[in-house]
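Okay, structure first, notes after.
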Amino acid sequence: TPQVRERVSRPESLAGLTIGLLDISKPRGNVFLDQVQNRLAELDATVIRFSKPTFSKPAPADLRHEIASQCDAVIEALAD
């Protein structure tokens, strides 16, 4: 059954926030995230990188927990 969740409001600025970058392990996703990381650094955000073991399965529960407990927001790379 679908779950309904209330959207979290967007921050006015990324300065001082910790942003997780999740590489789902598709080819060239890391290239995209490198560029995103550079841009986030310009905005004074702290970046933590994460990787899924494989793109064909959901992220393991422990990885999802790690991201949720360490980051204010997350960006996931989808590339090919």
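Among the strands (runs of 3 or more DSSP E) confined wholly to the stretch 7-80, which include 1 or more residues that are open to solvent by 80 Å² or more (accessible area, probe 1.4 Å)?
So the answer is 46-51, 73-77.
Could you please find all residues in the stretch 59-80 being in contact (Cβ under 8 Å) with a residue 60 or more places away in the chain and either touching a Gly at 6+ places or on another chain (Cβ under 8 Å) or hydroxyl-bearing (S, T, Y) (or both)? Within the stretch 59-80, just A73 meets the criteria. Among residues of the stretch 13-25 that are in contact (Cβ under 8 Å) with a residue 40 or more places away in the chain and among the polar types (S, T, N, Q), those with a beta-carbon under 7 Å from a residue that is part of a loop (DSSP other than H, G, I, E, B) and open to solvent by 30 Å² or more (accessible area, probe 1.4 Å) at least six positions away or on a different chain give the pairs T18/D72.
The values are calculated or read from the model by the stated rules, or taken from the named source; none is laboratory data. The model shown is predicted, which means the values in this text are computed figures rather than measured ones. No Cβ is skipped: glycine too gets one built from the backbone with ideal geometry, and neighbour counts run over all protein chains shown. Calculation scope for accessible area: heavy atoms of the full protein, side chains included, ligands and nucleic acids excluded. Shrake-Rupley method; radii C 1.70, N 1.55, O 1.52, S 1.80 Å.
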